[in-house]
Amino acid sequence: MIFDGIILTCVSNLNGERTASSIYHLVKGKKSIQTIQDAHIYQLDKFYGIHSHLTKERFNKNLSALVTAGLLKPVGTKDGVFQLTTHAVNWLDNHREQLKIDYFHGLTYNGTANSFFLRLLLLIQTLTNTKMDHYHFIPVTDNYHVERWVKQVYRKINNNQEKALESLYIELYSILKKLPDKDASVFVDRLTGYQNYGLSTNQLSDKYNLSADDVHLILTGVIHYLLSTIQEKEGNYPILSYIVKDLDKAVQITHSASITSELLSKNYTIEQISAMRNLKINTIYDHIVELALYEANFQVDEYISQEEQEEVLTVLNNVNSYKLKDIKNSVNTNISYFQIRLVLAVNKKLLSQGD
Amino acid sequence: MQQTIPLEDYLQRYFHFNSFRTGQKEIIQDVLEGKDVLGILPTGSGKSICYQLPAIIQEGTTIVVSPLISLMIDQVKELKANNFKGVVAINSFMNPAERRTVYTNLGSYQLIYVSPELLQQHELISHLKSMTIKLVVIDEAHCISQWGHDFRPDYLKLSETLEVLHHPTVMALSATATPEVQTDIIHSLGRPNMHKRIYPMDRENIAFCMEEVTDDVEKNERIIQLFKQFKIPALIYFTSRAVAEKTAEILSTHLPENNIAFYHGGMEQLDRISIQQQFMNGQLDIICCTSAFGMGINKSNIRLIVHYHLPLQLESYIQEVGRAGRDGNSSVGLLLFSPKDLYIPTNMIKNELPDETDLRNLFLYLKNLVTQEKMKITETNEQIENRLQISEIQWKFFRYQLEKHGIIKNNYIIYDEEQWNETMRLIQLIMKNRFMYKQEKLYDVFNWIHDKKCLRNQLYRNFQSGFRNATYQCCSNCGFSWNKWEPDETETNSKRISSWQANLKKLLLIGEFDETE
Ligand SMILES: Nc1ncnc2c1ncn2[C@@H]1O[C@H](COP(=O)(O)OP(=O)(O)OP(=O)(O)O)[C@@H](O)[C@H]1O
Ligand SMILES: [Mg+2]
Ligand SMILES: [Zn+2]
């Protein structure tokens, strides 16, 4: 139901201007400017990347179920574009409370939420087991970075498990108690301790009578809620804020783009890289746009002159559209799609840093 | 080489066992002397130690080629939990950053687990090439044989890999290899002088039961009835993920005293680990699973293995039933089948392999590229699978054949009309043979389930001559009786539902829960 609510909210905000697959990309957290721009423009940034386990197949199933249930209807002849029915508007109104929409801060936390949670999981497992003098437990995650982090923290805590666990209890308790019991329960049941492994997605969905999608969303939502509460008053949550402290806030770029970045820094041209890596030129362009979006010191001037950048920005304001085609039609024909995308990406980055 | 410290001391020091089990010492001595060895030992007999011990005490690195991710991860975790740190499993679940970190530190590991597919990767190989690889182990070695389990062409490239790695000592291990498969393993590894250490692989403490029912509804009833009678850790094997899920749900509603879950290859990593560990830990009693939960799973007190669907080969059955009774105590393998079931496996083996149309499409596609003078294959594997509408395994099979027959070399197409026609005919023949072979394997299963003679005798007769008598009851044809079965039962965990506040307290060992042991 939460998932339905999110889809409906997205459809409502998108105003018939985007297809349903843009919703899929949004909640899945696709790293493309189009998706991130959409998130900003349509005020859906809170949902960005909140459901990374979603598959296209399941998404489509959900979508058609909403159509069958009379909550969504296609917009005219546009393929894949939907709008809410009156029934849906009422439905959203009636369920506002249960939809947990306020938990989510996708764009802010989607890069850190998972690492935070894995650290928390493994830390609890380690502290409780070692407190009971049990050193041969099988860790819940084998993520190398998480393991290394926990080892390091464990050394610091050095036989003071009792105190650390107590603080963890106090901090977690004081945040979770602000949530409805059911959400707190789902979260607590997912945790692993001494001789007690946490429940799987499916077990949670059975126990709480939730769809698998909703289990994921509640867990993600509670994690985002924890993160934002911690961030607000770090002093109140010493242990929890210690867990988040050094987590890289930046969204990670894809592996393939990072290879391109490395080659660029060695002064290979785009054409050379494309040949070396046996990838299409357009793919390399995509990588560079990705770098423009996420790298703090990206040098856009290397790809498009200052004057041309300004031209694109002026047009952007005049035509008041983020559609590449509209912009392309109104700028000097020398300016390529790739260059326009770069300008948009760099400015998007600035925009989102503002808030 | 001088062996001053007795091997038993190492066994005691690193694994805390007093003595070797049958075959272990012989196999370990072989590799320490630099001899290649093929070891056939029953399921649960302790094959892992045969390479873990040499890996610890020898200089240089040991590579273990293993077919299943779950199996690798499990063994690595267990070793780490036992304070052996120089071990890593390289698998496709690792993200690129993790993998890079591991690759740059590769030299610091004594024991590296890897899938055959990843072992073909250039990046990994180039790292391994510069290291001293002392021993390469092929666990579950029946997978190498082209007559083995799944068709995975990368297994057939192992002999080339051995050359690249400067001819390390080789150990191949399996619990299910017929003499025919044994020969094939030795042959594909290109090590004709491999020392054979073959031990009887029958399991004396497992009884075999065959029960015919009319349909799935009756299967469910039968299973529910059994678990009402016995409270025991058990696995139920399915060939379909969906049926495994559905049955887990049905059983859960009818068996409130039992904790039941499903496990299959389509689940996300965190969930897989939690289900597997809950089961190992006794939080779960019954798992409805596919073959993804199987090979190598090492829980000592599984008492019952039910087969809800027919296995495709007796080898798979021996593997899967081999999860039972690893502590040596009385256990049962129960195979349930209905007349309708006989059609499912035939369809499954048909779909595993590409068919003639796929083959024709493949050559049309290649010919097309040639006409356009695009001699380099630029599409990714995924794109090609999509284009030809074939599965990953099917494309791998084709690709392997094309490379083997020189039609593709380093991603370039080499065109010679006559040779192409010849090759196409050859591939077609291979496909046909392969299908017939699988069908024969399936007939072995059909024959076995309908056999009136001792099931133990009939199950093992293709693998070895003779077998040991059953320690407990033998089989349903020798007069098995459920009422006379007295397995060690487990206690009922109370499924008391408490508040999240209480649970959190208990989890974090706060206050009154402090004294839990
Ligand atoms: N010498 C020994 N003494 C006592 N226990 C042993 C000995 N060697 C191995 N074991 C134990 O036997 C169990 C099974 O071992 P292992 O998983 O290696 O079996 P396996 O032969 O690989 O089985 P499978 O064919 O199912 O993979 C393990 O728990 C292991 O610790
Ligand atoms: Mg094994
Ligand atoms: Zn018998």
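Before moving on, here are some points about what is shown:
- Put a dot 7 Å past the Cα of A:Ile259, heading toward its Cβ, do the same for A:Val67, and the two dots end up 3.8 nm apart.
- FRET efficiency, A:Ile170 to B:Glu486 (Cβ-Cβ, R0 51 Å, nearest 0.05): 0.55
- If the segment from B:Gln439 to B:Arg21 were pulled out straight at 0.36 nm per residue, it would be longer than the present Cα-Cα gap by 146.8 nm.
- A protection proxy built from the mean count of other Cβ atoms within 10 Å ranks the segments A:78-86, B:46-54, most packed first, as B:46-54, A:78-86.
- Potential extension, A:Ser330-A:Ser12 segment - 0.36 nm per residue separation minus Cα distance: 111.5 nm
- Inter-chain Cβ neighbour average for residues B:498-505, partner chain, 10 Å: 6
- Under Karplus coefficients 6.51, -1.76 and 1.60, residue-wise ³J(HN,Hα) of the stretch B:327-332 in Hz, glycine/proline x: 8, x, 7, 4, 9, 9
- Accessible surface of A:Asp181, taken over heavy atoms with a 1.4 Å probe and every protein chain present, rounds to 90 Å².
- Of B:Lys47/B:Lys452; B:Lys340/B:Lys453; B:Lys25/B:Lys231; B:Lys47/B:Lys80; A:Lys100/A:Lys156, those spanning more than 30 Å from alpha-carbon to alpha-carbon: B:Lys47/B:Lys452; B:Lys25/B:Lys231; A:Lys100/A:Lys156
- Within the same chain, aspartates and glutamates fewer than 8 places from B:Lys299 are excluded, and of the rest, those with a Cα less than 16 Å from its Cα are B:Asp74, B:Glu78, B:Asp285, B:Glu320, B:Asp327, B:Asp488, B:Glu489.
- log₁₀ of I(q)/I(0) at q = 0.08, 0.12, 0.13 Å⁻¹ - chain B, Debye sum with one point per alpha carbon: -0.57, -1.26, -1.43
- For B:Ala89, the amide hydrogen comes within under 5 Å of the amide hydrogens of B:Tyr113, counting only partners 5 or more places away or on other chains and with H modelled in the peptide plane.
- Helical mean residue ellipticity (222 nm; -39500 (n - 2.57) per DSSP H run of 4+; nearest 500) of the protein assembly as shown: -15500 deg cm²/dmol
- For the peptide A:181-187, the mean number of other protein chain Cβ atoms found within 10 angstrom of a residue's Cβ is 3.
- Debye equation applied to the C-alpha atoms of chain A, log10 I(q)/I(0) at 0.09, 0.11, 0.14, 0.15 Å⁻¹: -0.62, -0.89, -1.23, -1.31
- Interchain or long-range residues, amide H under 5 Å from B:Ile198's placed H: B:Ile40
- In summary, the aspartates and glutamates within cross-link reach of A:Lys78, defined as a Cα separation below 14 angstrom excluding same-chain residues under 8 places away, comprise A:Glu17.
- Cα centroid separation, the stretch B:152-166 to the stretch B:393-446 (Å): 19
- Relative contact order of the stretch A:255-354, pairs being alpha-carbon contacts under 8 Å that are 6 or more residues apart, as %: 26
- Area of B:Lys438 that stays accessible when all protein chains are in place (1.4 Å probe, Å², to 10): 20
- Cubic angstrom per residue, convex hull over Cα atoms of the stretch A:192-315: 248
- For the pair B:Thr253 and B:Ile5, label points projected 7 Å from Cα toward Cβ lie 5.9 nm apart.
- Equivalent ellipsoid, the protein assembly as shown (semi-axes from 5 times Cα gyration tensor eigenvalues, Å): 47, 36, 30
- A simple rule links phi to the HN-Hα coupling: the Karplus curve 6.51 cos²θ - 1.76 cosθ + 1.60 with θ = phi - 60°, which for the stretch B:352-366 gives 5, 9, x, 10, 4, 4, 4, 5, 4, 4, 4, 5, 4, 4, 5 Hz, with x for Gly and Pro.
- Accessible surface of the stretch A:2-99, 1.4 Å probe, proportion on carbon and sulfur as whole %: 49
- 3J(HN,Hα) couplings calculated from phi for the stretch A:206-219 with the Karplus curve 6.51 cos²θ - 1.76 cosθ + 1.60 (θ = phi - 60°) are, in sequence order, 5, 5, 9, 6, 10, 6, 4, 4, 5, 4, 4, 5, 5, 4 Hz; Gly and Pro show x.
- Other-chain or far-sequence residues with amide H under 5 Å of B:Ala207's (modelled H): B:Ser331, B:Val332, B:Gly333
- Percentage of interatomic Cα-Cα distances in the stretch B:7-198 larger than 22 Å: 43
- Counting only protein heavy atoms and a probe of 1.4 Å, the accessible surface of the stretch A:107-222 is 46% carbon and sulfur.
- Taken about its Cα centre, the stretch A:255-354 carries a charge dipole of about 380 debye when Lys and Arg each add +1 at the Cβ and Asp and Glu each add -1 at the Cβ.
- Listed pairs A:Lys131/A:Lys178; A:Lys280/B:Lys376; A:Lys163/B:Lys505; B:Lys134/B:Lys404; A:Lys46/A:Lys280 exceeding 24 Å between Cα atoms: A:Lys131/A:Lys178; B:Lys134/B:Lys404; A:Lys46/A:Lys280
- Across the stretch A:143-224, counting alpha-carbon atoms alone, Rg and Dmax equal 14.7, 41 Å.
- Euclidean distance of C-alpha centroids, the stretch A:106-125 and the stretch B:315-353, integer Å: 40
- Relative contact order for chain B: 16 percent, from Cα pairs under 8 Å spaced at least 6 residues apart, divided by residue count.
- Whole-Å distance, taken between Cα centres, linking the stretch B:211-234 and the stretch A:135-185: 41
- Only the Cβ atoms of Lys and Arg (+1) and of Asp and Glu (-1) were treated as charged; on that basis the dipole of the protein assembly as shown about its Cα centre amounts to roughly 440 debye.
- Residues in the stretch A:100-126 that a label on A:Glu232 would reach, taking backbone N under 19 Å of a point 7 Å out along Cα→Cβ: A:100-110, A:113
- Across the stretch B:407-499, the mean sequence separation of Cα contacts (distance under 8 Å, 6 or more residues apart), normalised by length, yields a relative contact order of 15 percent.
- Taking every residue in A:166-175 and counting other chain Cβ atoms within 10 Å of its Cβ, the average works out to 3.
- Among B:Glu379, B:Glu160, the order of accessible area from largest down is B:Glu160, B:Glu379, computed with a 1.4 Å probe on protein heavy atoms.
- Residues of the stretch B:47-72 falling in the label zone of B:Arg13, defined by backbone nitrogen less than 16 Å from a point 7 Å along Cα to beta-carbon, are B:52-60.
- Over the stretch B:353-442, the hull volume per residue, using the convex hull of the C-alpha atoms, is 89 Å³.
- Net charge of neighbours whose Cβ lies under 14 Å from the Cβ of A:Thr333, counting Lys and Arg as +1 and Asp and Glu as -1: 0
- Only aspartates and glutamates eight or more places from A:Lys245 in sequence, or on another chain, were considered; those with a Cα closer than 18 Å are A:Glu147, A:Glu171, A:Glu232, A:Glu234.
- Accessible area of B:Met348 in the full protein assembly, 1.4 Å probe (Å², nearest 10): 60
- Paramagnetic reach from B:Gln428 in the stretch B:350-389 [backbone N under 16 Å; point 7 Å along Cα→Cβ]: B:354-365
The values are calculated or read from the model by the stated rules, or taken from the named source; none is laboratory data. Treat the numbers as computed from the prediction; the structure is a model and nothing was measured. Using ideal geometry, Cβ is built from the backbone for each residue, glycine included, and neighbour counts are taken over all protein chains shown. These accessible areas exclude ligands, DNA and RNA; they are computed on the full protein's heavy atoms, side chains included. Shrake-Rupley method; radii C 1.70, N 1.55, O 1.52, S 1.80 Å.
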